[in-house]
Amino acid sequence: MKKTVAALSLFTLAACVTPQQEGPPTAFRLTSPGSFDNAMLPPKSAGNFAKNPNCTGQNVSPPLAWTNVPDKTRSFAIIWDDQAGRAGLGVSHAVIYGIPANVASFAEGELAAAPTGGRLVPGKNTLGMHWLGPCSPKGNAPQHYVMTLIATTLEPGELPAGLTKPELLKALEGGKALRAASLVLRFAQ
């Protein structure tokens, strides 16, 4: 009897922590392979920026993949925000766009690396670079980093490099943004 109760308890516990895919299977979806929505990022994902003592990592971007791309998509854009950063004023950690429609994933570390092969156009985040991993203060509760993938009607090279998040969003107005998918990743140190 004790073994049966223990087995049922473990099964119930596993069901509580196993991520469930929500929404229809045909939904435009952004994922991080090997992880799940609201998962904790590893320490190596933290930003590496000498002027900020909270940027203690290797600046390794998580792997990303997406499915069920909307019709008429010509390119994608990615923005990554920490809404609790700067004491609640927010921090833009990534601004990336011009990702060709035939690209459906990025390997671990690829987004943080120098752009190569025409797979993306680098924008400017809060610190003026295209990518910076989490830099939440030590001792904070896990902060939520929201990754948003936007399917667009723009050709991959249509926008110049170096746009900020507000400039990118302005450029996508007027029906150029088709649909978005998001993923939350958390970080604490």
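The values are calculated or read from the model by the stated rules, or taken from the named source; none is laboratory data. Quick caveat: nothing in here was measured; it's all calculated off a predicted structure. Cβ atoms come from the backbone with ideal geometry, glycine included; neighbour counts cover every protein chain shown. Just the protein is used for accessible areas: all its heavy atoms, side chains included, with ligands, DNA and RNA removed. Shrake-Rupley method; radii C 1.70, N 1.55, O 1.52, S 1.80 Å.
Whether any residue in the range 5-17 is in a loop (DSSP other than H, G, I, E, B), over 20 Å from the mean Cα position of the chain (by Cα), loosely packed, with under 10 Cβ neighbours inside 10 Å and at pLDDT below 50 is what I want to check. No; the residues of the range 5-17 include none that is in a loop (DSSP other than H, G, I, E, B), over 20 Å from the mean Cα position of the chain (by Cα), loosely packed, with under 10 Cβ neighbours inside 10 Å and at pLDDT below 50.
One residue alone among Gly117, Gly109 is among the small types (Gly, Ala, Ser), modelled with pLDDT of 95 or more and either over 16 Å from Ala180 (Cβ atoms) or crowded, with 18+ Cβ neighbours inside 10 Å (or both), and that residue is Gly109. Within the range 36-74, count every residue that is over 16 Å from the mean Cα position of the chain (by Cα) and farther than 23 Å from Thr126 by Cα. Number of matching residues: 7.
So, Ser92, is that one polar (S, T, N, Q) and either open to solvent by less than 50 Å² (accessible area, probe 1.4 Å) or within 23 Å of Lys51 (Cα to Cα) (or both) or not? Criteria met by Ser92. Out of the residues in the range 24-60 that are at positive phi and not small (Gly, Ala, Ser), which is least open to solvent (accessible area, probe 1.4 Å)? Selected residue: Asn59. Taking the listed residues Ser92, Ser61, the one that is at pLDDT 95 or above, in a strand (DSSP E or B) and of a type in the set (S, T, N, Q) is Ser92, with no other qualifying.
Among the residues here, Ala171 qualifies as free of Cβ contacts under 8 Å to residues at least 24 places away in the same chain and out of contact with any Lys or Arg (no Cβ under 6 Å at 6 or more places or on another chain). Here Asp81 fulfils each of the conditions (1) open to solvent by less than 20 Å² (accessible area, probe 1.4 Å); (2) closer than 17 Å to Lys165 by Cβ; (3) part of a strand (DSSP E or B) apart from (1).
When the range 168-183 is limited to residues that are surrounded by 15 or more Cβ atoms within 10 Å (Cβ to Cβ) and part of a helix (DSSP H, G or I), the one that is farthest from the chain's Cα centre (by Cα) turns out to be Ala171. In the set (1) open to solvent by 70 Å² or more (accessible area, probe 1.4 Å); (2) part of a helix (DSSP H, G or I), Pro160 fails one condition alone, (2).
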